[in-house]
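First comes the structure, then the notes that go with it.
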Amino acid sequence: MAARRKVIITCAVTGAIHTPSMSPHLPVTPQEIAEAAIGAAEAGAAIVHLHARNPQNGEPDQTPEAFAKFLPVIKQRSNVVVNLTTGGAPTMSIEERVKPAATFAPEVASLNLGSMNFGLFGMLDRFGDSLKHEWERTYLSNKDIIFRNTFGQIEHVLTTCAGNDTRFEFECYDTAHLYNLKYFYDRGLVKAPLFIQTVFGLQGGIGAHPDDVAHMKRTADRLFGDNYRWSVLGAGSSQMRIAAMAIAMGGNVRVGLEDSLWAGPGKLAETNAEQVRLARTLIEGLGCDVATPDEAREMLALKGGDRVAF
């Protein structure tokens, strides 16, 4: 009998898109972020993708000091693979964004592969009347955000982290981002197996139609052949629908409150673990198994949790 395929679940527990007034369940404090990551791991996530926030008002905080308050707790209490953002928030400089990964040398760091318009203003229609902090309204209403990820900035992240053996979750929001990754791959600045996270449904990036998912997969197959591992995230209500498509197509999945606040139509997810369990049900229902952290390390050729700097 053929072995059941292993599927990696990544859980992005808080991010920098949603704001604390949108959900009482969004992790904000260091303790909440640590507990969310550990809970996601216990539910089946092999990887946790982490941002930090100001514990007073929930604003994104990309200082290493903010990350230092929860990283050791997660490492002490879990074997989960830790993935640190270099995306931070689209309003931050690249020097700010890379500092946590450069400081803590995680097994994985995220890396955005192209500049794009970044539209969060659509969320004002749903949440505008409930915003409690002035920064939330200013941030969400800005129609002039360009998430800058130039070739020079991408190379800056790669060279800054080159000596710590960190591998990358390459976040690709459109087809051009796959071609940008091919540029760096052909020049030897990134090496296989590539971990490609295709992102669907954010305003400014590719949509969340099944044709969009298939197109990104076909393009990645053509550019990288067998030299990559594919994962998907769907924003908002498309989260589980996109996950189901990817699992059926041989991919891995990312869930978490960074990408969607929901556990069903009109139902806020109370924990990140709740979304992980939903993804696990899809994976096992489609005849696959959930990868453990150590299995994910082998699949992605990671250096191991004993070689991080936290």
Problem - Inter-residue pairs, beta-carbon under 6 Å, first within 14 Å of G87 (Cβ to Cβ) and in the stretch 46-64, second in a loop (DSSP other than H, G, I, E, B) and polar (S, T, N, Q), 6+ apart - result: H51/T14; H51/T85; D61/N54
Fill in the blank from the handout: Of the residues in the stretch 235-263 that are in a helix (DSSP H, G or I) and in contact with a Ser or Thr (Cβ under 6 Å, 6 or more places away or on another chain), the one that is farthest from F195 (Cα to Cα) is G236
Fill in the blank from the handout: In the stretch 87-119, anything over 20 Å from E295 (Cα atoms) and either among the basic types (K, R) or in a strand (DSSP E or B) (or both) is listed as R97, K99, L111, N112, M116, N117, G119
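Condition check: part of a helix (DSSP H, G or I) and touching a Cys at 6+ places or on another chain (Cβ under 7 Å). Does L140 satisfy that?
Criteria not met by L140.
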Problem - Positions within the stretch 45-60 being surrounded by fewer than 22 Cβ atoms within 10 Å (Cβ to Cβ) and touching a strand residue (DSSP E or B) at 6+ places or on another chain (Cβ under 7 Å), in sequence order - result: E59
Exercise for the section: Take the stretch 71-86 and flag every residue that is of a type outside the set (V, I, T), crowded, with 24+ Cβ neighbours inside 10 Å and either in a loop (DSSP other than H, G, I, E, B) or more than 14 Å from the chain's Cα centre (by Cα) (or both). Expected result: L71
Practice task
Could you please tell me which pairs satisfy a Cβ distance under 8 Å, a separation of 6+ or placement on different chains, a first residue in the stretch 231-247 that is within 16 Å of G122 (Cβ to Cβ), and a second residue that is among the aromatic types (F, W, Y) and surrounded by 24 or more Cβ atoms within 10 Å (Cβ to Cβ)?
Solution key: G234/F200; A235/F200; S238/F200
Exercise for the section: Determine whether the stretch 57-68 contains at least one residue that is touching a helix residue (DSSP H, G or I) at 6+ places or on another chain (Cβ under 9 Å), modelled with pLDDT of 95 or more, hydroxyl-bearing (S, T, Y) and part of a loop (DSSP other than H, G, I, E, B). Expected result: yes
Handout entry: Residue match in the stretch 278-298 (condition: touching a His at 6+ places or on another chain (Cβ under 9 Å), farther than 29 Å from K182 by Cα and charged (D, E, K, R))
Key = no
Problem - Residue among A89, A101 that alone is closer than 22 Å to T19 by Cα and modelled with pLDDT of 95 or more - result: A89
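Would you check if D186 is more than 22 Å from A235 (Cβ to Cβ), surrounded by fewer than 18 Cβ atoms within 10 Å (Cβ to Cβ) and touching a residue at least 60 places away in the same chain (Cβ under 8 Å)?
No.
Name the single residue that is surrounded by the most Cβ atoms within 10 Å (Cβ to Cβ) among those in the stretch 264-310 being in a strand (DSSP E or B) and touching a residue at least 60 places away in the same chain (Cβ under 8 Å).
V290
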Practice task
Pick out the one residue from D165, D125, D144 that is surrounded by fewer than 23 Cβ atoms within 10 Å (Cβ to Cβ) and modelled with pLDDT under 95.
Solution key: D125
Exercise for the section: Could you tell me whether V232 is touching a helix residue (DSSP H, G or I) at 6+ places or on another chain (Cβ under 9 Å), within 22 Å of Y179 (Cβ to Cβ) and outside any loop (DSSP other than H, G, I, E, B)? Expected result: yes
Completion exercise
Quick count over the stretch 18-46, residues being closer than 30 Å to T292 by Cβ and touching a helix residue (DSSP H, G or I) at 6+ places or on another chain (Cβ under 6 Å), is 13
Practice task
Filter the stretch 215-258 down to residues that are more than 17 Å from the chain's Cα centre (by Cα) and of a type in the set (D, E) and give me whichever is farthest from H18 (Cα to Cα).
Solution key: D226
Completion exercise
For A220, the lone unmet condition from (1) more than 24 Å from T85 (Cβ to Cβ); (2) part of a helix (DSSP H, G or I) is (1)
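The values are calculated or read from the model by the stated rules, or taken from the named source; none is laboratory data. If you're wondering where the values come from, they're calculated on a predicted model, not measured in any experiment. Cβ atoms come from the backbone with ideal geometry, glycine included; neighbour counts cover every protein chain shown.
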